[in-house]
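Heads up: the structure comes next, in structure tokens.
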Amino acid sequence: DYIQCPYCQRRFNENAADRHINFCKEQAARITNKGKLAADTKGKLPTRTQYKPAPVKKMPSVGSTPSPSSRLPQPSGVSKTVVGM
């Protein structure tokens, strides 16, 4: 008592089959058109090149300069004196 969809071979009751078959028919038409367009334009469009970043040159570290990416407070070079002891 189920109706089989001719596009996806799934089975539905009568009411659902009426709705599904219309939907599946449109989807099948979109998929076939999409495949044809991709095949037609395949030779016309240039292929994408893989992005290759330039190699990073390491700079020699100078002294104890803090990293600019650090979020922690860095100790300053000025010595602190304790007052009131």
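Laboratory data are not the source of any read-out in this text; all were calculated from the coordinates shown. Here the structure is a predicted model, which means the values were calculated and not measured. Here the Cβ positions follow ideal geometry from the backbone for every residue, glycine too, while neighbour counts run over all protein chains shown.
The distance between label points at Tyr51 and Asn33 comes to 3.3 nm (points 7 Å beyond Cα on the Cα→Cβ vector). Modelled this way, with points 7 Å down the Cα-to-C-beta line, the labels at Lys25 and Met59 are 6.8 nm from one another.
The amide H of Arg10, built 1.01 Å from its N in the peptide plane, has Cys5 as neighbours under 5 Å, considering only residues 5 or more places off or on other chains.
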